[in-house]
Amino acid sequence: MKLPFHRDQAAPQEAGMTESLKVQHTESNIIEILSGKLSSILAQIPSHQPIIIICVGTDRSTGDSLGPLVGTQLKKYHLEGLHLYGTLDQPVHAMNLKETLNSVQERFTNPFIIAIDACLGQLTSVGCIQIGDGPVKPGAGVNKDLPPVGNMHITGIVNVGGFMEYFVLQNTRLSLVMSMSEVISKSFHVAISNLKQMTATSFARLDG
């Protein structure tokens, strides 16, 4: 029998449930840090509330491909209990973002949406992965008016912002984006595995 991972049966969804986290993707214990954070967040979401991951971005821009790269890798993990939008084959980008969000709202009741996207920042922050409350605002750095996405967000700072952002995204190193996407997707995998293990242990204690 496949066990669902443990989630709080009645915990209210609170705006401040996620303390911000910002860490370099090259940290030696990065998977442990991110998966621990994700485990604590996912466990707080009420069991009746569907969890949606929307990976925003396009495969036509190196810097902006972080989201669909994460989505493609998450799809390979076949993570139970999570509904995924945005892969290299079927990206969620400026042209279909509103349509995707409408589809999610029509299909799910009160979904908890986790948005994953690339962003630009200061030189010293390039390579950092951030987890925080509230939505991301896709396209803000390149002057696109798109709807905000997510109850919480995970962003990867892929390059330096402040000047010619569109050009900067187009000329971001694929090596960096790939490494960050692998870290984020593996952290999700470890977080879900940890929660399932906790659930299995709880069931075993009850049976005993």
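Rounded, prolate or oblate for the range 100-200? Axes are the square roots of the Cα gyration tensor eigenvalues, ordered a ≥ b ≥ c, and the cut-off for rounded is a/c under 1.5. Walk me through the intermediate numbers first.
Details: a/c = 2.57, a/b = 1.32, b/c = 1.94.
Oblate shape, in that a/c is at least 1.5 and b/c is the bigger or equal ratio.
Are there any chymotrypsin sites (Phe, Trp or Tyr not before Pro) in the range 64-121 that are in a DSSP loop and have at most 15 other Cβ atoms within 10 Å? List them by number.
Values: sites: Y77, Y85, F108, F112; in loops: F108.
Passing both the DSSP loop test and the Cβ count: F108.
Using 7 Å Cα-to-Cβ label points, what is the M178/D145 separation (nm, one decimal)?
3.9 nm
Sort K137, K196, K76, K98 from largest to smallest accessible area, using a 1.4 Å probe on the heavy atoms of the protein chains.
On the way: K137 95, K196 60, K76 150, K98 125 Å².
Most to least solvent-accessible, the answer reads K76, K98, K137, K196.
So if R0 is 25 Å, what FRET efficiency would F167 and T124 give, r being the distance between their Cβ atoms, rounded to the nearest 0.05? Let's see the in-between values first.
Numbers: r = 21 Å, r/R0 = 0.84.
Efficiency, from the Cβ-Cβ distance: 0.75.
In terms of Cα to Cα distance under 19 Å, which aspartates and glutamates are near enough to K37, apart from those fewer than 8 places away along the same chain?
D8, E14, E19, E27, E80, D117, D133, E182
Exactly which chymotrypsin sites (Phe, Trp or Tyr not before Pro) in the range 138-186 are in a DSSP loop and have at most 12 other Cβ atoms within 10 Å?
Values: sites: F163, Y166, F167; in loops: F163.
Here the sparse-neighbourhood loop sites are F163.
Largest first and to the nearest Å, give the Cα extent of the range 146-193 along each principal axis.
The Cα atoms of the range 146-193 stretch 41, 29, 13 Å along their principal axes.
At 7 Å along the Cα-to-beta-carbon direction for both E32 and D89, put a label point, then send me their distance in nm to one decimal.
Between E32 and D89, the simple spin-label model gives 3.6 nm.
Using C-alpha positions alone, give me the convex hull volume of the range 27-127 per residue in cubic angstrom.
Values: hull volume 12.9 nm³, N = 101.
Each residue corresponds to 127 Å³ of Cα convex hull volume.
Based on the mean of other beta carbon atoms within 10 Å per residue, what is the order of 23-30, 63-70, most packed first?
Values: 23-30: 14.1, 63-70: 28.4.
Output ranking for 23-30, 63-70: 63-70, 23-30.
The values are calculated or read from the model by the stated rules, or taken from the named source; none is laboratory data. Just so it is clear, the model here is predicted, and its values are computed rather than measured. Ideal geometry is used to build each Cβ from the backbone, glycine not excepted, and the neighbour counts take in all protein chains shown. What goes into the accessible areas is simple: the full protein's heavy atoms, side chains included, and nothing from ligands, DNA or RNA. Shrake-Rupley method; radii C 1.70, N 1.55, O 1.52, S 1.80 Å.
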